[in-house]
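**Student:** Dropping a structure here in structure tokens format, bear with me for questions.
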């Protein structure tokens, strides 16, 4: 797929729509896609025509997180990548921008949201979710720690007990349970998802947007004032995890489609 | 009051507060020689004006001042820049006797950060950014940055800020003691005015001598500073404001200060 089309944007009726568009790869993040998403968010923050934002994915998935086969994190000839730097440059600016931008942002979660893709949805202000969709903390499956704000956002959404369990098990958090735990706003039929999300966004766009902006600022101060500090801490921990034998084995096993043999090193 | 017309700044007054606004919006208030000349003239004018008790120095929401005007400097040699003696203007900012509050939003970088630190108190918007990025263009702070920042935040933090050239947020600056108050961007100027108004109610002669004495803590050795402070303390006992102030305290009423 051509690089230009991996992210689509549209502005209509005061609403900016961002669509991750690598459907054949469940919209997983390459370097390019993370930078494109950063740029799109920046533009929509500046644009006076955009008063609310919807983020969604094309095809079956919302976003499967890091593309494990992309260049930036693959192990070429035993050289281990610096995951800390990758997170600082690529993911943390996205999460920070979503939280600090004083416009309401709706995640229209059309399909699986895994790893950094789940963090992307958790960072938004609203989560409208299609029936049958799940969130997966897939990081530990390949020997990594949850990043992109996952360790900050998920415990605040559902409590530390269930969050920790999900992070270590890498089990699916189904939409139904997510709704019961208060982590998402609504479950809707798949074919009604975009209509619902855009209706909500258009309603917000017609509201007292200055009051909405100040409200987001206050909630950020109340709940998210240490976000940047934790994002940096996650980057440090991921740097450590990225140097581990377990991560090398995890990625190798993933590519070879076999069960990894972990050693704890 | 004589009113000068300026090109690079705006001046206004509100109650007993004189407000100077840096106004070169197209270049994020870069501190050109002309701007500094005008700034010093405006500050000195307010300093002489008996109706003014406190001065506020501010910029725009986007930038207090993003630095010196590099265009003016890039071709200087050691001899030429020394002979021009541009920092003589900055020395005159230091000599203003009335308290100056910097109301800072957006960028306060390089010379902008140094100008902020030349002020006596700093009210910042949440969006303010402070830094000394000179190292990134192969020079060092030249208008007091290495001295004032170090005295305020300590050696180790100052080293990091100046040697990396990285900027810090308003909240970080607050945690380091560089900034007095941090408020939402919509309110920073109001907050600075509220602080100015509170100080404007005090005896202007005591305020001036207090400022002079506090600056001594920075200017010289501790012993020199302590002696200076004591001298100014004794001197206030020849003022009517001291008599009135102490009497009012003992009589449990508000003091009325006259500045005599």
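The values are calculated or read from the model by the stated rules, or taken from the named source; none is laboratory data. As the structure is a prediction and not an experimental result, all values here were calculated from the model. As a convention, Cβ positions derive from the backbone with ideal geometry for all residues, glycine included, and neighbour counts pool all protein chains shown.
**Student:** Return yes or no: is residue A:153 crowded, with 18+ Cβ neighbours inside 10 Å, within 14 Å of chain B (Cβ to nearest Cβ) and either out of contact with any strand residue (DSSP E or B) (no Cβ under 9 Å at 6 or more places or on another chain) or at pLDDT below 95 (or both)?
**Tutor:** no
**Student:** Whether any residue in segment B:140-147 is assigned to a helix (DSSP H, G or I), over 23 Å from residue B:60 (Cβ atoms) and touching a helix residue (DSSP H, G or I) at 6+ places or on another chain (Cβ under 9 Å) is what I want to check. So that I can check it myself, show each step before the final result.
**Tutor:** So the first thing to find is which residues in segment B:140-147 are assigned to a helix (DSSP H, G or I), and the list is B:145-147.
Now narrow it down to the ones that are over 23 Å from residue B:60 (Cβ atoms): B:146-147.
Cutting the leftovers down to touching a helix residue (DSSP H, G or I) at 6+ places or on another chain (Cβ under 9 Å) gives us B:146-147.
Checked segment B:140-147: at least one residue is assigned to a helix (DSSP H, G or I), over 23 Å from residue B:60 (Cβ atoms) and touching a helix residue (DSSP H, G or I) at 6+ places or on another chain (Cβ under 9 Å).
**Student:** Still on this structure, please answer the following. Is one or more of the residues making up segment A:54-66 farther than 25 Å from residue A:223 by Cβ and free of Cβ contacts under 8 Å to residues at least 24 places away in the same chain?
**Tutor:** no
**Student:** Kindly evaluate residue A:241 against the criterion of being more than 14 Å from chain B (Cβ to nearest Cβ), surrounded by 14 or more Cβ atoms within 10 Å (Cβ to Cβ), touching a helix residue (DSSP H, G or I) at 6+ places or on another chain (Cβ under 9 Å) and at pLDDT below 95.
**Tutor:** Yes.
**Student:** Within segment B:181-205, take every residue that is within 14 Å of chain A (Cβ to nearest Cβ) and part of a helix (DSSP H, G or I) and give me the one that is nearest to residue A:221 (Cα to Cα).
**Tutor:** If we take residues in segment B:181-205 being within 14 Å of chain A (Cβ to nearest Cβ) and part of a helix (DSSP H, G or I), then B:185 is nearest to residue A:221 (Cα to Cα).
**Student:** Condition check: part of a helix (DSSP H, G or I) and in contact (Cβ under 8 Å) with a residue 60 or more places away in the chain. Does residue B:158 satisfy that?
**Tutor:** Details: part of a helix (DSSP H, G or I): yes; in contact (Cβ under 8 Å) with a residue 60 or more places away in the chain: no.
No.
**Student:** (1) closer than 28 Å to residue A:147 by Cβ; (2) within 14 Å of chain B (Cβ to nearest Cβ): which one isn't true of residue A:230, the others all being true?
**Tutor:** Unmet for residue A:230, out of (1) closer than 28 Å to residue A:147 by Cβ; (2) within 14 Å of chain B (Cβ to nearest Cβ): (2).
**Student:** Further question on the same structure: Tell me which residues, restricted to segment B:41-83, are in a helix (DSSP H, G or I), free of Cβ contacts under 8 Å to residues at least 12 places away in the same chain and farther than 29 Å from residue B:168 by Cβ.
**Tutor:** B:48, B:78, B:79, B:80, B:82, B:83
**Student:** So for segment B:19-40 (the condition being under 22 Å from residue B:257 (Cβ atoms) and not in a strand (DSSP E or B)), does at least one residue qualify?
**Tutor:** For segment B:19-40, residues under 22 Å from residue B:257 (Cβ atoms) and not in a strand (DSSP E or B): absent.
**Student:** So residue B:178 clears everything in (1) buried (at least 19 other Cβ atoms within 10 Å of the Cβ); (2) part of a helix (DSSP H, G or I); (3) out of contact with any strand residue (DSSP E or B) (no Cβ under 6 Å at 6 or more places or on another chain) except one condition, right? Which one?
**Tutor:** The one condition residue B:178 does not meet is (2).
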